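Take a look at the structure below.
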Amino acid sequence: MGDPNASTGQLELSLFGLTDVGQIREHNEDNLIIADLSQGQRGIVESSQTQTVGPRGTLFGVCDGMGGAAAGEVASQMAVDIVYERLTTGESPTDREALARLVVGAIEEAGARIYEDARTDRTHRGMGTTSTIGAMLDNRIYFGQVGDSRAYLMRGDQFVQVTRDQSLVNQLIEAGQLTEEEAETFEHNNIILQALGTADSVQVDLTYADVRDGDTLMLCSDGLSGMLRDVELKAFILEHSDPAECCQAMITAANEAGGHDNVTVIIVKIVSGAGAVTDTDDPLLYRKCAVPDAVRAGGTVPPPAVPGEPPPASADGSPASVGHAGMGMNAGPDDDADGVNDRLSNEPVILPTNSVPPAVVGFLVFGALMLVAVTGFVLLR
């Protein structure tokens, strides 16, 4: 029996991506990629383009670099280049699972190579980048996530974030220690738990979604999601059917709201070939897909994890895992709004946490911050 979520033919996409330096930064450390992996073509054009999803698939990605000077830009450029290189060399993925393996492997390799470059080149010390990579084959899209850039999926009136921020504030929200409202004014909401290049390995969060005709995908850096609420982003997608117009409107609004960071966004409209929405379609959710380490040696990918249930086990019966490292990283701008360099708050903070999950790192960082606050209170009495 066939997959009820499979597409009905070749997918036709209408897409566009745009990046902007913002109102505060002196240079742009964001990078993005839109690529036809089957044709081996990448690049950004001045207007929306139409693309057919071929046998290798289609690639979208947003990387938000950090590290000061030009190092952040180097890290984000390396990330998109390495991921593209990995996904366009060798044999085409034979199925969706093979594509999932390629996405995870490409992001892991990018992290390792950026880390090695930062280790050997003193001018690149401390650089890193977030990475939200989407790779589509048939009507299935996999997202590989490191850091706090985001991917959203819109269907009808639903607008859902299909990635999870690897950040301190998100860990506290999920643990019930912060509300969404409190998070907006949380003093340390610029601390992320992972970035490519700040350790020799990373834990890639792999998620997936099955798209339908009429759906809209959006990838963005936190320069957009940090300036505009989800309800505002949704309104722009509803208002602008053309991806290029939508991207420009969003970036203009982010800059008018302050433009505190570089701003990057990709909009992908599913035009045809994915099939109509049916009553049997899964609801739009954050859907985690576990890829065991053994997969990278040629094993098989287990079934996608079901939200609310434990991830599938690997071949030896142990829990499936993805990667090994976590760290605390300050993802704020190099300079504050007044142009004064605040090294204590803006330099990367890398904790010795190899083999520790990002969730644990989040609670360690939060505990340390609370200890500092209590100590300060006692000293001031």
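Consider the range 58-86. How many of its residues are among the acidic types (Asp, Glu), in a strand (DSSP E or B) and over 21 Å from GLN166 (Cα atoms)?
If we filter the range 58-86 for residues that are among the acidic types (Asp, Glu), which is where we start, we get 64, 73, 81, 85.
This time we only want the ones that are in a strand (DSSP E or B), so: 64.
Applying the additional criterion that residues be over 21 Å from GLN166 (Cα atoms) yields none.
Total satisfying the criteria: 0.
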From the set of residues in the range 107-164 that are of a type in the set (Ser, Thr, Tyr) and touching a strand residue (DSSP E or B) at 6+ places or on another chain (Cβ under 6 Å), which is farthest from ASP200 (Cα to Cα)?
TYR152
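Take the residues of the range 82-101 that are of a type in the set (S, T, N, Q) and loosely packed, with under 12 Cβ neighbours inside 10 Å: which is nearest to TYR115 (Cα to Cα)?
So the first thing to find is which residues in the range 82-101 are of a type in the set (S, T, N, Q), and the list is 88-89, 92, 94.
Cutting the leftovers down to loosely packed, with under 12 Cβ neighbours inside 10 Å gives us 89, 94.
Working: THR89: 22, THR94: 31 Å.
Residue satisfying both the conditions and the ranking: THR89.
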Does the range 216-237 include one or more residues that are modelled with pLDDT of 95 or more and in contact with a Pro (Cβ under 9 Å, 6 or more places away or on another chain)?
yes
Would you confirm whether any residue within the range 130-137 is in contact (Cβ under 8 Å) with a residue 40 or more places away in the chain, closer than 19 Å to GLU29 by Cα and touching a Cys at 6+ places or on another chain (Cβ under 7 Å)?
yes
So, in the range 22-50, how many residues would count as being small (Gly, Ala, Ser), within 21 Å of the chain's Cα centre (by Cα) and surrounded by fewer than 20 Cβ atoms within 10 Å (Cβ to Cβ)?
1
Residue by residue through the range 153-178, note down the ones that are in a helix (DSSP H, G or I) and surrounded by fewer than 19 Cβ atoms within 10 Å (Cβ to Cβ).
ILE173, GLU174
What are the residues in the range 63-87 that are in contact with a Lys or Arg (Cβ under 8 Å, 6 or more places away or on another chain) and at pLDDT 95 or above, if any?
MET78, ILE82, TYR84, LEU87
In the range 209-228, what residues are of a type in the set (Ser, Thr, Tyr) and either surrounded by fewer than 21 Cβ atoms within 10 Å (Cβ to Cβ) or more than 14 Å from the chain's Cα centre (by Cα) (or both)?
THR216
Within the range 48-83, considering residues that are in contact with a His (Cβ under 8 Å, 6 or more places away or on another chain) and without any contact (Cβ under 8 Å) to a residue 60 or more places away in the chain, the one nearest to GLY105 (Cα to Cα):
VAL74
Restricting the search to the range 52-70, which residues are more than 16 Å from ILE141 (Cα to Cα) and surrounded by 24 or more Cβ atoms within 10 Å (Cβ to Cβ)?
CYS63, ASP64, GLY65, MET66, GLY67
Just to be sure before I move on: is ARG125 modelled with pLDDT of 95 or more, under 24 Å from GLY65 (Cα atoms) and of a type in the set (Lys, Arg) in the structure I sent?
no
Got at least one residue in the range 117-127 being touching a residue at least 40 places away in the same chain (Cβ under 8 Å), buried (at least 24 other Cβ atoms within 10 Å of the Cβ) and either in a helix (DSSP H, G or I) or touching a Leu at 6+ places or on another chain (Cβ under 6 Å) (or both)?
no
Number of the exception - ALA135 against (1) among the small types (Gly, Ala, Ser); (2) assigned to a helix (DSSP H, G or I); (3) surrounded by 24 or more Cβ atoms within 10 Å (Cβ to Cβ):
(2)
Looking only at residues in the range 239-285 that are without any contact (Cβ under 8 Å) to a residue 12 or more places away in the chain and over 26 Å from ILE141 (Cα atoms), which one is surrounded by the most Cβ atoms within 10 Å (Cβ to Cβ)?
THR252
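Out of the residues in the range 93-106 meeting the condition of being touching a strand residue (DSSP E or B) at 6+ places or on another chain (Cβ under 9 Å) and among the small types (Gly, Ala, Ser), tell me which one is modelled with the highest pLDDT. I'd like the intermediate steps shown before the answer.
Let us first name the residues in the range 93-106 that are touching a strand residue (DSSP E or B) at 6+ places or on another chain (Cβ under 9 Å), namely 93, 95-96, 98-100, 102-104, 106.
Going one step further and asking which of them are among the small types (Gly, Ala, Ser), we end up with 98, 100, 106.
Working: ALA98: 92, ALA100: 94, ALA106: 97.
Here the answer is ALA106.
Against the condition among the small types (Gly, Ala, Ser), touching a residue at least 40 places away in the same chain (Cβ under 8 Å) and closer than 26 Å to GLY67 by Cβ, how does ALA183 come out, does it pass? Give the derivation first.
On the way: among the small types (Gly, Ala, Ser): yes; touching a residue at least 40 places away in the same chain (Cβ under 8 Å): no; closer than 26 Å to GLY67 by Cβ: yes.
In short, no.
The values are calculated or read from the model by the stated rules, or taken from the named source; none is laboratory data. These figures come from a predicted structure and were not determined experimentally. Positions of Cβ are generated from backbone atoms using ideal geometry, with glycine treated the same way; all protein chains shown enter the neighbour counts.
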